[in-house]
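Nothing in this text is a laboratory measurement; each read-out follows from the coordinates by a stated rule. Since we're looking at a predicted model, the values are computed, not measured. Counting neighbours? That spans all protein chains shown, and the Cβs are built from the backbone with ideal geometry, glycine included.
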Amino acid sequence: MADPMRIRAVARDGVVNVRVLMSHEMETGQRKDASGKLVPAHFIRNVTASHQGKTVLTALWGPAVAKNPYLEFEFKGGQKGDKVLVTWEDNKGEKRSDEGVIN
Amino acid sequence: MNHSRRKAIQSGGGLIAVLLAAGIISPGAALAQSDPFTIKSLAEAMRAVGGQNLTPSDAIIIKAPAIAENGAVVPVAVESKLPGTESITLFVEKNPTPLVGSFGIPSGTVGSVSTRVKMGQTSDVYALVKADGRFYVAKKEIKITLGGCGG
């Protein structure tokens, strides 16, 4: 299981700013290891963020997203104390979900 | 001996094909039949995500450094002021596969996303925005002093 995401969500003037830092290698599949063998691609494919059951952002990624991906977005309608749920799935089928509380 | 080696190679190839097929995931169904992340030309990759009849737009702002020292981690933010923004898709023209990622913006979400991308070399970065069923595009050049691919 991958390390937890760090999720910071801050509500201001009715808009919630969400910042997510995921822990993932994001291997491109083009890099060679010390013995000259290609390192297989391993990267996050899908990201979904939701607030009270409503999807507030989806992302579909390839291997060109940087290692330990950072994602920032904003949505309307969140209140202080609400939770934002973020889920990712990588190309090997590994998944991870974490929640952040809106401040 | 040769025979078994050949078999092993064949089965390996088959496995890769299956993995590639499995790589085409459900939200991608809206994108295209073949995996747009494997396309090597910018124009084709844009077409694969539905980007046709592109209108250049000043209402799309790409915020990124003009010069990035480390191509492995280039911060890029895209802000779309177009009403009815449905998705934002990022491309790095000179990467081996230009499509970086696509962000779906449901109603109620602000048309603005930030992330960090890898860039192999100095290149134009394109933001393709779908708004109200139409496609708009903006670009910005980012100079790289140290490549982020291979290494």
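Things to note:
- From the options A:GLU72, A:GLU25, residue that is more than 9 Å from chain B (Cβ to nearest Cβ) and under 15 Å from B:VAL117 (Cα atoms): A:GLU25
- Restricting B:ASP58, B:ASP35 to those that are among the acidic types (Asp, Glu), surrounded by fewer than 24 Cβ atoms within 10 Å (Cβ to Cβ) and closer than 19 Å to A:ALA59 by Cα reduces the list to B:ASP35.
- Enumerated strands (runs of 3 or more DSSP E) restricted to region B:32-117, each holding at least 2 residues that are within 15 Å of the chain's Cα centre (by Cα): B:74-80, B:85-92, B:99-104, B:109-117
- With respect to the conditions (1) farther than 30 Å from A:HIS51 by Cβ; (2) out of contact with any Cys (no Cβ under 8 Å at 6 or more places or on another chain); (3) of a type outside the set (D, E, K, R); (4) facing another protein chain (nearest Cβ under 8 Å), B:PRO56 lacks only one, and its number is (4).
- For region B:106-132, the set of residues classified as without any contact (Cβ under 8 Å) to a residue 40 or more places away in the chain and more than 7 Å from chain A (Cβ to nearest Cβ) consists of B:SER107, B:GLY111, B:THR122, B:SER123, B:ASP124, listed by residue number.
- Scanning region A:58-87 for residues that are assigned to a loop (DSSP other than H, G, I, E, B) and either closer than 14 Å to A:VAL47 by Cα or not small (Gly, Ala, Ser) (or both) yields A:GLY62, A:PRO63, A:LYS67, A:ASN68, A:PRO69, A:GLN79, A:LYS80, A:ASP82.
- A:GLY36, sole failed condition from (1) assigned to a strand (DSSP E or B); (2) over 15 Å from B:THR115 (Cβ atoms); (3) more than 11 Å from every other protein chain (Cβ to nearest Cβ): (1)
- Residue check, A:VAL65 in contact (Cβ under 8 Å) with a residue 12 or more places away in the chain and facing chain B (nearest Cβ under 7 Å): yes
- Out of A:ASN46, A:ASN91, sole residue that is within 10 Å of the chain's Cα centre (by Cα) and at the interface with chain B (Cβ under 7 Å from one of its Cβ atoms): A:ASN46
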